[in-house]
Amino acid sequence: MGNESFFSQAIALCQSSALVNAGEAVPFDVMYCGQSCTAFAIRYADEAHAYLNRCSHVPMEMDYQPNQFFDLTGHWLICATHGAMYSPQTGRCRGGPCRGGLIKIVLTEADGLVHWHTAHNIKPVDF
Ligand code: FES
């Protein structure tokens, strides 16, 4: 067991019912490498996933309307700016001008609640 998982902290994010397959994302704030960033959680094929809201092409937010990341097919996450497309399950680039994939944030789901997990470079925002 690495230190990383030992020190990972689970933070309540939302109710499971807030995440619908290919539906709207639930946004949340994180500190990524010491910078405050937004992140988002979505559901695809019944599984919840979360990523930093930061395109790999140009590091900017991707939603074309607040919390809308899925393209019209409901199978890909798309960046509104130049159309980079990513897999909702892995964050890997599927097409367009991406330079790598999205940065994934670990989620767990139990008893109707979704939690996100901190990592060495992804921390909660300090208040
Ligand atoms: S910034 Fe996302 S595709 Fe260019």
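Coordinate-derived values only; no laboratory data. Please read all numbers here as calculations on a predicted model, not as lab measurements. No Cβ is skipped: glycine too gets one built from the backbone with ideal geometry, and neighbour counts run over all protein chains shown.
How about the chain: what cysteines have no other cysteine beta carbon under 4.7 Å from their own?
Cys14, Cys33, Cys37
Hey, in the GNM for the chain with a 10 angstrom Cα cutoff, which one of Arg54, Arg99, Arg43 fluctuates hardest?
Of the options given, Arg99 has the highest mean-square fluctuation.
How far is it, in nm, from the label point at Cys33 to the one at Asn21 when both lie 7 Å from their Cα along the line to the Cβ?
My value for the distance between the label points is 3.6 nm.
Over the chain, calculate the relative contact order: mean separation of alpha carbon pairs under 8 Å at least 6 apart, over the residue count, as a percent.
It comes to 29 percent, rounded to a whole number.
How large is the dipole of segment 3-123 about the Cα centre if only Lys and Arg carry +1 and Asp and Glu carry -1, each at its Cβ, rounded to the nearest 20 debye?
420 debye
To the nearest whole percent, what portion of all C-alpha pairs in the chain is separated by more than 23 angstrom?
The share of Cα pairs beyond 23 Å in the chain comes to 28 percent.
Compare Tyr44, Tyr64, Tyr86 in a GNM of the chain, Cα atoms joined below 10 Å, and give the one with the largest fluctuation.
Answer for the Gaussian network model of the chain: Tyr64.
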